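Engineer: Before anything else, here's the structure in question.
The values are calculated or read from the model by the stated rules, or taken from the named source; none is laboratory data. Note that the coordinates shown come from a computational prediction; the quantities given were computed from them, not determined experimentally. Note: ideal-geometry Cβ built from the backbone for every residue, glycine included; neighbour counts use all protein chains shown. Just the protein is used for accessible areas: all its heavy atoms, side chains included, with ligands, DNA and RNA removed. Shrake-Rupley method; radii C 1.70, N 1.55, O 1.52, S 1.80 Å.
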Amino acid sequence: MTKLEATNDFVIRFANVNGSGSASANNLFAKAIFRMGIPVSPKNIFPSNIQGLPTWYEVRVSGDGYLGRRGGYDFIVAVNGQTMRKDYDDLLPGGYFLYDSTRPLPENYDRKDVTLIDIPLTEICNREISNPKLRLLLKNIVYVGALAYLLDIEFSVLTDSLKKQFAKKPKLAEPNIHALELGFNYARENHTESCCLKVKRSKKLSDHIIMDGNSATGLGAIYGGATVAGWYPITPSTSVVEAFSKFANKYRQDDKGRVKAAVIQAEDELAALGIAMGACWNGARGFTATSGPGISLMNEFLGLAYFAEIPVVLIDVQRTGPSTGMPTRTQQSDLFISAYASHGDTKHILLFPHDPEECFTMTANSFDLADQLQTPIIIMSDLDLGMNDHVCSPPQWDDNLQYNRGKVLNEKQLEEIKGNWGRYHDIDGDGICYRTIPGTHPEYGSYFTRGSSHDQKAAYTEDSDKYVESMVRLEKKWLTAKKYVPAPVVQIHDKKSPWGIIFFGTSTYSAHEAMDRLTEKNIRVNSLRLRALPFHDEVGEFIDKHETVFVIEQNRDGQMRKILINEGDFDPHKLISVLNYDGLPITAGQICKQIEEALEAMSPPAKKAVQGGTK
Amino acid sequence: MTYRRPTFRHPNLPKNDLGYTKRDYEGGISTLCAGCGHDSISNAIIQACYEMALEPHKVAKMSGIGCSSKTPAYFLGKSHGFNSVHGRMPSIATGANLANRDLTYIGVSGDGDTASIGMGQFAHVIRRNIDMTYIVMNNGCYGLTKGQDSATADRGSKSKKGAPNPFESIDLCELAIQLGAGFVARSFSGDKQQLVPLLKAALAHKGFSLIDVISPCVTFNNPDTSTKSYQYVRDHSEATATFDFIPLRMEITTTYDKGTTTPITMHDGSIINLYKSDDSVDVTSRRAAIDALEEHREQNQILTGILYISEEMRDTHEILQTCDTPLNTLTEEDLCPGSTTLAAIVDQYR
């Protein structure tokens, strides 16, 4: 048998029982790798359950800095009897199988191509730890200690992490450190040199942080000046508003101890968005966070916000649909419903962050965008980005930045124009009109906000010409928005390459890795990372420059490809979908395979591509 | 269409404490049917706001969808209004109130907008105790879609269509009391004497106040067989007690015999004097208030007036402990913790 051998390049999977305290131990492991300067990408693959069902924690260690899911497991820590057989079977040949040997492994676990690492976790804990409750929790720490020996994790990094974690309760650090030592010593005494997967301190990471997207989003809302959040609990978005509340209570207190923010847990998602919209209408910055089922409910209000031109920020942390779907798995499948939410001719501005830093920046900036464009801004995060920890650059803030509240008339301005103003009168020619905030001026500036058809002065109208005029203006505003939203990120590796790839959000990690792998095979592709709808002109230029463009996304129907065709009027034959929608993040392997197969099918490449690309 | 009212008025119209005439509280011309109860309620709102000398631009008018929800266009033309979507006014009002606690919020809704499509939001805006006055213009039917029964139509009541309503009705006042509203009243669009002081007291109340105003639909639900018709309501209503509302600014000149009046001091210092008679209802007791509603219902009587009042509840801002300054006036300086703090925060993620 050839054992898998690698330094800073492997995938380890922890198979646990939900609610058994494994999360903090597994987190301790991933953070130790991160603190040794090695790029690491942990992913929680958890059930829609609080206690008892299987849960996995998958950690990819990649010295090369590839942060997407790789697929396949080189090392399994099997501490869940329910899934042990499958975990054993799924282990890659040459891999390592660490299990609790308090009970012997059944005889039919007879693979010859894996290395067994038996650690009597329960027995060690029963013998060494007297407190029965602690015993159960520390069992997880014992296997982290064993891993420290097996993989060469710097032991001091682990103990420092525990001391930091229990800084306020140092007494709790002691038994944890003891448990680490128990595991470490057992492995040293019984499994000398059995594992050929190693970690080694690296300089790959310097200023980086490791953060979940939802915390970064909540923090972004604080920095963007949000004061009102209406929300309804739903996985995987719940932690966005929880983070916002936590940061608000800490950083937004006035000298009387009162909070400069209001968070309301609403009765449903309809009300959640209504609360955010009411606040924005009244001049505050409001937002809500939800997932697919919430977006479905919010459609009605999104149409109102579009037509009555009310700024609002909506965070959609996408999960696997349709309907209830797989609530604890990821997908990028709310594109259609978000882009065109609500009846009638509506369309909405979407932003696509790809890492926590961008969650922060895009959320913070989205409040300016909403105010400037007077329309909903929907931030399309997903479960993988929102709930998993990601290594990224730290968010920055420019203290000279002033919030841009858009076109709002103040008391003095209303006085000067003597109220000669129309809420929906486009005097600048960019489709964006001036609004007023209730209570501004005693005589001027009041108007009646409505979702029914209205004229320039906001009065109800059934006049066809006036209705058409306002719809045309909203279309003009949509075009104006192109200039306001973040531009795509374009990478041209080979000016002559006929192939381009387009991706967005969490597909980015794996897309970058796939490009490197393809380059090794002499397939040089150029790339464009979408960051917003409406599409910047550069998107069209990129597509026009290439004969074939692969659109990578995580849904069944190739939603982004179809939105590109719909909005950009591009030749459908030229755009080829590269998809994964099994609920787990897309891998570089999946991307490469689909691109290579497509290229094979169209060989000689140029010919087929030209055929499809006739214009 | 929205029609503007002619601006000509008698030059010597009386003025309130702010120097405004009643005209300053009017809105566009109503497009509702002639004789609609809703127009009388709009006029009562104009009268109440004028008498209370509210600054018109410091009032925000919130509504949903339906005949009732159109009325904010017909009163307080100097106030901002928000005609939202069907049944969702309470959430919009919640957000607006959170953004600026200093304005007066008047929500206008109908029985369809409140008791059917908007029941969820109605229940929860009460639970949160948003500081607003919620007026239901209750005609027991869907006027804009030509007279279908609504959820407040009494069982057996017959609208113009002639078929008795087979379903149980919802008593919004009883529900509001159960859900913890601090001010609950019922009135009749045809009784301006009662409605105007009720509106004034509701506006002075800190926290959520509900006034369910029975407002006959002259076109679809006004035959004598309907329990929401002018004739029926006039014949079957009984008030809990008569009362006076004495706004804060007004000097109290009348004295009352002890034992016959109960003064209730409102949050802003205004006073409601309830005149008790032997058989009057104790409107400060939640249980007695619900009993009274049930008893009158059994006797086919409509109980009107203040049904329940409690001045001890905390509104949403007090519950959430939000700052005194309206959130919509806060600036970067108040809201953004800055780059140094950000550096410290992100350091926790290393």
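Engineer: Return the residues of the range A:131-173 that are outside any helix (DSSP H, G or I) and at pLDDT 95 or above; say none if nothing qualifies.
Structural biologist: Here is the first cut: in the range A:131-173, the ones outside any helix (DSSP H, G or I) are A:131, A:152-154, A:166-169.
Once the filter is applied, which keeps residues that are outside any helix (DSSP H, G or I) and at pLDDT 95 or above, the range A:131-173 yields A:D152, A:I153, A:E154.
Engineer: Does the range A:17-37 include one or more residues that are in a strand (DSSP E or B), closer than 30 Å to A:R517 by Cα and open to solvent by less than 60 Å² (accessible area, probe 1.4 Å)? Quick ask: steps written out before the conclusion?
Structural biologist: Within the range A:17-37, the subset in a strand (DSSP E or B) is A:17.
Then drop every residue that is not closer than 30 Å to A:R517 by Cα, which leaves none.
So far as the range A:17-37 goes, no, none of its residues is in a strand (DSSP E or B), closer than 30 Å to A:R517 by Cα and open to solvent by less than 60 Å² (accessible area, probe 1.4 Å).
Engineer: Same structure again: Does the range A:264-301 hold any residues that are of a type in the set (S, T, N, Q) and either open to solvent by 10 Å² or more (accessible area, probe 1.4 Å) or more than 7 Å from chain B (Cβ to nearest Cβ) (or both), and which are they? Walk me through how you get there before you give the answer.
Structural biologist: Taking the range A:264-301 and keeping what is of a type in the set (S, T, N, Q), we get A:265, A:282, A:288, A:290-291, A:296, A:299.
The answer is A:Q265, A:T288, A:T290, A:S291, A:S296, A:N299.
Engineer: Something else now. For A:V312, indicate whether it is of a type outside the set (D, E), farther than 24 Å from B:I345 by Cα and open to solvent by less than 10 Å² (accessible area, probe 1.4 Å).
Structural biologist: Working: of a type outside the set (D, E): yes; farther than 24 Å from B:I345 by Cα: yes; open to solvent by less than 10 Å² (accessible area, probe 1.4 Å): yes.
So A:V312 passes the test.
Engineer: Just one of the numbered conditions (1) buried (at least 21 other Cβ atoms within 10 Å of the Cβ); (2) closer than 30 Å to A:Y251 by Cα; (3) not small (G, A, S) is not true of B:R314; which one?
Structural biologist: Answer for B:R314: the failing condition is (1).
Engineer: Moving to a separate point now. Only one of (1) in a loop (DSSP other than H, G, I, E, B); (2) out of contact with any helix residue (DSSP H, G or I) (no Cβ under 9 Å at 6 or more places or on another chain) fails for B:Q193. Which number is that?
Structural biologist: For B:Q193, the failing item is (1).
Engineer: Let me spell it out: the conditions are (1) more than 24 Å from B:I214 (Cα to Cα); (2) within 13 Å of another protein chain (Cβ to nearest Cβ); (3) open to solvent by 10 Å² or more (accessible area, probe 1.4 Å), and B:R9 meets all of them except one. Which number is the exception?
Structural biologist: Only one criterion in (1) more than 24 Å from B:I214 (Cα to Cα); (2) within 13 Å of another protein chain (Cβ to nearest Cβ); (3) open to solvent by 10 Å² or more (accessible area, probe 1.4 Å) is unmet by B:R9, namely (2).
Engineer: If you go through the range A:542-564 one residue at a time, how many are touching a Pro at 6+ places or on another chain (Cβ under 8 Å) and not charged (D, E, K, R)?
Structural biologist: Count: 4.
Engineer: Do any helices (runs of 4 or more DSSP H) entirely within the range B:257-350 hold 1 or more residues that are touching a residue at least 40 places away in the same chain (Cβ under 8 Å) and more than 14 Å from chain A (Cβ to nearest Cβ), and if so, which? Steps first, please.
Structural biologist: Details: elements: B:286-298, B:316-320, B:332-335, B:338-347.
Fully inside the range B:257-350 and qualifying: B:286-298.
Engineer: On to the next question. Just give me the residues in the range A:334-350 being in a helix (DSSP H, G or I) and either at pLDDT below 95 or not hydroxyl-bearing (S, T, Y) (or both), in sequence order.
Structural biologist: Taking the range A:334-350 first, the residues in a helix (DSSP H, G or I) are A:335-339.
Scanning the range A:334-350 gives A:L335, A:F336, A:I337, A:A339.
Yes or no, residue by residue, for (1) open to solvent by 30 Å² or more (accessible area, probe 1.4 Å); (2) in a loop (DSSP other than H, G, I, E, B):
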| residue | (1), (2) |
| --- | --- |
| A:I552 | no, no |
| A:R556 | yes, yes |
| A:K562 | yes, no |
| A:N566 | yes, no |
| A:F570 | no, yes |
| A:V578 | no, no |
| A:D582 | yes, yes |
| A:I591 | no, no |
| A:Q594 | yes, no |
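Engineer: Within the range A:59-107, track down each residue that is surrounded by 23 or more Cβ atoms within 10 Å (Cβ to Cβ) and more than 29 Å from the chain's Cα centre (by Cα).
Structural biologist: Listed by number, the residues that qualify are A:G95, A:Y96, A:L98, A:Y99, A:D100.
Engineer: When you scan the range A:110-122, how many residues do you find that are open to solvent by 30 Å² or more (accessible area, probe 1.4 Å) and outside any helix (DSSP H, G or I)? Talk me through it step by step, then tell me what you get.
Structural biologist: Let us first name the residues in the range A:110-122 that are open to solvent by 30 Å² or more (accessible area, probe 1.4 Å), namely A:110-113, A:116, A:118, A:122.
Restricting the remaining residues to those that are outside any helix (DSSP H, G or I) gives A:110-113, A:116, A:118.
Adding up the residues that qualify gives 6.
Engineer: Can you name the number of the only condition in (1) closer than 30 Å to A:G68 by Cβ; (2) buried (at least 24 other Cβ atoms within 10 Å of the Cβ); (3) within 11 Å of chain B (Cβ to nearest Cβ) that A:G445 fails?
Structural biologist: (1)
Engineer: While we're here: Would you mind finding the one in B:S69, B:S84 that is more than 7 Å from chain A (Cβ to nearest Cβ), closer than 16 Å to A:L304 by Cβ and open to solvent by less than 10 Å² (accessible area, probe 1.4 Å)? Before the answer, list the steps.
Structural biologist: Working: B:S84 fails: more than 7 Å from chain A (Cβ to nearest Cβ).
Answer to the selection: B:S69.
Engineer: In addition: Please find, within the range A:428-439, the residue that is nearest to the other protein chains (Cβ to nearest Cβ) out of those that are more than 34 Å from the chain's Cα centre (by Cα) and surrounded by fewer than 20 Cβ atoms within 10 Å (Cβ to Cβ).
Structural biologist: Top of the filtered list is A:D428.
Engineer: Just to confirm my filter: which helices (runs of 4 or more DSSP H) fall fully inside the range A:438-547 and include at least 2 residues that are of a type in the set (S, T, N, Q)? Please lay out each step first, then the result.
Structural biologist: Numbers: elements: A:464-484, A:507-520, A:537-545.
Correct list: A:464-484, A:507-520.
Engineer: Still on this model: Quick check on the range B:119-138: of everything there that is in contact (Cβ under 8 Å) with a residue 40 or more places away in the chain and in contact with a Lys or Arg (Cβ under 9 Å, 6 or more places away or on another chain), which residue is farthest from the other protein chains (Cβ to nearest Cβ)?
Structural biologist: The extreme case among them is B:N138.
Engineer: Would you mind telling me which numbered condition in (1) away from chain B (no Cβ under 14 Å); (2) without any contact (Cβ under 8 Å) to a residue 12 or more places away in the chain A:T375 fails?
Structural biologist: Unmet condition: (2).
Engineer: Evaluate the following for A:G451: is it within 7 Å of another protein chain (Cβ to nearest Cβ), surrounded by 18 or more Cβ atoms within 10 Å (Cβ to Cβ) and free of Cβ contacts under 8 Å to residues at least 24 places away in the same chain?
Structural biologist: Numbers: within 7 Å of another protein chain (Cβ to nearest Cβ): yes; surrounded by 18 or more Cβ atoms within 10 Å (Cβ to Cβ): yes; free of Cβ contacts under 8 Å to residues at least 24 places away in the same chain: no.
So A:G451 does not fit the description; no.
Engineer: Does any residue of the range A:321-342 turn out to be surrounded by fewer than 23 Cβ atoms within 10 Å (Cβ to Cβ), within 11 Å of chain B (Cβ to nearest Cβ) and farther than 20 Å from A:A216 by Cβ?
Structural biologist: Yes; the residues of the range A:321-342 include at least one that is surrounded by fewer than 23 Cβ atoms within 10 Å (Cβ to Cβ), within 11 Å of chain B (Cβ to nearest Cβ) and farther than 20 Å from A:A216 by Cβ.
Engineer: Mind telling me which of the residues B:R314, B:R350 ends up being of a type in the set (K, R) and within 25 Å of the chain's Cα centre (by Cα)?
Structural biologist: Numbers: B:R350 fails: within 25 Å of the chain's Cα centre (by Cα).
From the options B:R314, B:R350, the qualifying one is B:R314.
Engineer: Sticking with this structure for a sec: Sort out which residues of the range A:204-228 are polar (S, T, N, Q) and open to solvent by less than 10 Å² (accessible area, probe 1.4 Å), and write them in order of number. It would help to see each step written out before you state the result.
Structural biologist: First, pick out the residues of the range A:204-228 that are polar (S, T, N, Q): A:206, A:214-215, A:217, A:227.
Once the filter is applied, which keeps residues that are polar (S, T, N, Q) and open to solvent by less than 10 Å² (accessible area, probe 1.4 Å), the range A:204-228 yields A:N214, A:T217, A:T227.
Engineer: Does A:G95 meet the test of being touching a strand residue (DSSP E or B) at 6+ places or on another chain (Cβ under 6 Å), under 30 Å from A:H354 (Cβ atoms) and small (G, A, S)? Break it down into steps so the answer makes sense when it comes.
Structural biologist: Values: touching a strand residue (DSSP E or B) at 6+ places or on another chain (Cβ under 6 Å): yes; under 30 Å from A:H354 (Cβ atoms): no; small (G, A, S): yes.
Judged against the criteria, A:G95 is not a match.
Engineer: Based on what the data block shows, is A:R201 more than 32 Å from the chain's Cα centre (by Cα), open to solvent by 70 Å² or more (accessible area, probe 1.4 Å) and at pLDDT 95 or above? Before you say what the answer is, go through the steps one by one.
Structural biologist: Details: more than 32 Å from the chain's Cα centre (by Cα): no; open to solvent by 70 Å² or more (accessible area, probe 1.4 Å): yes; at pLDDT 95 or above: yes.
Judged against the criteria, A:R201 is not a match.
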